[in-house]
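The values are calculated or read from the model by the stated rules, or taken from the named source; none is laboratory data. The structure displayed is predicted, hence computed values, not measured ones. Here Cβ is always computed from backbone atoms with ideal geometry, including for glycine, and neighbour counts include all displayed protein chains.
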Amino acid sequence: MYVVYRSWDQGILGKSVRRLAEPTVLEWVRNVWSDAAGQDAHDWLVRELGADLYGLPWLFSEGGPAPATMRELRTLARTRIPDVYQCNVDEHSVRVLANGLNYDVAYYLVDDAAVVADPERWAFAVHDGPLPEVAEPVAGGTTFTPPLRVTELTGRPAAGEGCVFAVLLTCEARHDSIGWNPTHALPGVRLSQFGAALRDLDASTADWPEELQVLRLLVAPGEDGVAAALERCSRWPEHPRGTGEDHALPHSHAEALRLLEADVEADLRADRDGTVVRTGEHVAQLFAHDGHGTYEQWFFFDDRWAGAYPELASSLIWFAYHWDPLCSGDHPHLTPCSDNRVRYVAVVGDDGQTHVRQAQPHDEPRVWDLRRWAYEKRPPGDPVTGEVLGTVEIQLQQPSPDTCRLTAFTITRGRHGQAVADLLGRRVRQDLQEAGISRTTGWLPQNGLYPHGRRFLRVLGRIREGSDGAHVLIGG
């Protein structure tokens, strides 16, 4: 089996990979249960795995019999591991997204057979080291189809052959910084001409990631590739992030060079010493060190490299956007990959009536409007078609099979609020009862300080506040 720990301080790749002797996760847990539970589980696991997988020691430290099945292991993991945003478990793997000490972390325990059976999801996650730089010719051509929708850098691609893909793993903030990195593409060019194509592109860069804007600025006149520009990027004073200050990018290559060559503090120059740049004919990589032990990763590869390593390319694109390699959901932004998380929306239909259904990605802008209007006054006028008047997110079987946890809740402050609370409550109650969920654990987010929150809970079931905390008996 493999143990993959995904954290920004785990070397240049931002992850550590360890191969264990046991072929399955369940066998490993059962084999080490007594050793880990019989001593300081944290210290023992660090020695065993070579990394501090945040929260995992609690799986063993509370003792009891070892789990006999993956279902029992899932219940123990969801019950015991603290500060978990999401814990996904199937018959062959455990995948966890957790609130680490400095930023979010993720880790995966996965069977050998699962990696072999699904390399387009697992190949990069278990890959240890930079990407291979040699792209051997592929019989039958180099066609590569990305597994996810990519964002093209221009609406007017070049007339040439090929395509360059840019995958940027960047730490934007303490939270929600694992995943959410879309892949960008520039059709009609290969990596050997990528620098010239960026420099000469007649297109607005306002919507580009800052990293790509900087790379474009640092391509010198006459340069075709990006090797030299990436070396310059490794010394860029505004990268990696960390100043917390707003700044404007230069408007020209000459201005960018002046900024690059300006004197910087000695300790900042030393910080850049950890940055690694690797460039080949069809793949380029920048591992940007921030001076505090953490790295971001920039990957650029063209269709020929992807054609030679299609499983590695696909899994890298998946790894960048989904914290969970097995997530197949087209879920809204900043909603964690999950196997047990459901979001409902109360939305105005074409008939002018409010309907409750599960959320879809196109609802996201309206959900953000609803959240904003929880703090600001909603614009005057009646609700319009597509407007979201209420939303609730629920983690099923969290932490145990017959319970759930309410993880998000917002209802309009307008005159429709009570009716929306009733509609949401009735739909959610019906679905929970059909799923065998009998009670909630905890309260609404932020202690239920939302308008109409108590009404929603009363429709959902019977509110109980006792020594074991607040919960709702579904339908009670």
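When the stretch 1-57 is limited to residues that are without any contact (Cβ under 8 Å) to a residue 40 or more places away in the chain and β-branched (Val, Ile, Thr), the one that is farthest from VAL167 (Cα to Cα) turns out to be VAL32.
Checking each residue in the stretch 371-409 for being under 24 Å from ARG429 (Cβ atoms), of a type in the set (A, V, I, L, M) and over 23 Å from the mean Cα position of the chain (by Cα) picks out ALA374, VAL388, LEU389. Taken as a whole, the condition of being at pLDDT below 90 and in contact with a Ser or Thr (Cβ under 9 Å, 6 or more places away or on another chain) does not apply to GLY448. Note on the stretch 1-37: residues that are among the aliphatic types (A, V, I, L, M) and either in contact with an Asp or Glu (Cβ under 6 Å, 6 or more places away or on another chain) or closer than 30 Å to GLU296 by Cβ (or both) total 8. Any residue at all in the stretch 389-400 that is without any contact (Cβ under 8 Å) to a residue 12 or more places away in the chain, aliphatic (A, V, I, L, M) and assigned to a strand (DSSP E or B)? Checked the stretch 389-400: no residue is without any contact (Cβ under 8 Å) to a residue 12 or more places away in the chain, aliphatic (A, V, I, L, M) and assigned to a strand (DSSP E or B). Could you list, in sequence order, all residues of the stretch 10-48 that are surrounded by 18 or more Cβ atoms within 10 Å (Cβ to Cβ), of a type outside the set (Gly, Ala, Ser) and under 22 Å from PHE287 (Cβ atoms)? GLN10, ILE12, LEU13, LYS15, VAL17, listed by residue number. Restricting the stretch 81-107 to residues that are over 19 Å from ARG341 (Cβ atoms) and free of Cβ contacts under 8 Å to residues at least 60 places away in the same chain leaves a set whose member that is nearest to the chain's Cα centre (by Cα) is LEU101.
Mind checking which residues of the stretch 188-211 are part of a loop (DSSP other than H, G, I, E, B) and in contact with a Gly (Cβ under 9 Å, 6 or more places away or on another chain)? GLY188, VAL189, ARG190, ALA203, listed by residue number. Here THR145 meets the list (1) at pLDDT 90 or above; (2) crowded, with 16+ Cβ neighbours inside 10 Å almost entirely, failing just condition (2).
Within the stretch 89-120, the residues that satisfy the criterion of being of a type in the set (Val, Ile, Thr) and more than 18 Å from THR79 (Cα to Cα) are VAL105, VAL110, VAL115, VAL116. The residue list ALA77, ALA51, ALA98 contains one member that is surrounded by 18 or more Cβ atoms within 10 Å (Cβ to Cβ), outside the structural domain of ALA173 (by TED's automatic domain parsing), among the aliphatic types (A, V, I, L, M) and assigned to a strand (DSSP E or B), which is ALA98. With respect to the conditions (1) modelled with pLDDT under 95; (2) over 27 Å from ARG121 (Cα atoms), ARG78 falls short on a single one, namely (2). Residues in the stretch 427-473 that are of a type in the set (Lys, Arg) and closer than 23 Å to SER400 by Cα: ARG427, ARG429, ARG439, ARG458, ARG462, ARG464.
Residue pairs whose Cβ atoms lie under 7 Å apart, separated by 6 or more positions or on different chains, with the first residue in the stretch 369-388 and of a type in the set (D, E, K, R) and the second in a helix (DSSP H, G or I) and modelled with pLDDT of 85 or more, are GLU387/ARG366. Pairs linking a residue in the stretch 402-416 that is among the small types (Gly, Ala, Ser) to a residue that is in a strand (DSSP E or B), with Cβ atoms under 8 Å and 6 or more positions apart or on different chains, are ALA408/ARG343; ALA408/THR391; ALA408/VAL392; ALA408/GLU393; GLY414/LEU389. When residues in the stretch 212-265 are screened for being more than 22 Å from GLU281 (Cβ to Cβ), under 26 Å from the mean Cα position of the chain (by Cα) and either outside any loop (DSSP other than H, G, I, E, B) or at pLDDT 95 or above (or both), 2 of them pass. Would it be correct to say that VAL347 is of a type outside the set (Phe, Trp, Tyr), under 21 Å from the mean Cα position of the chain (by Cα) and in a strand (DSSP E or B)? Spelling it out, it is not the case that VAL347 is of a type outside the set (Phe, Trp, Tyr), under 21 Å from the mean Cα position of the chain (by Cα) and in a strand (DSSP E or B).
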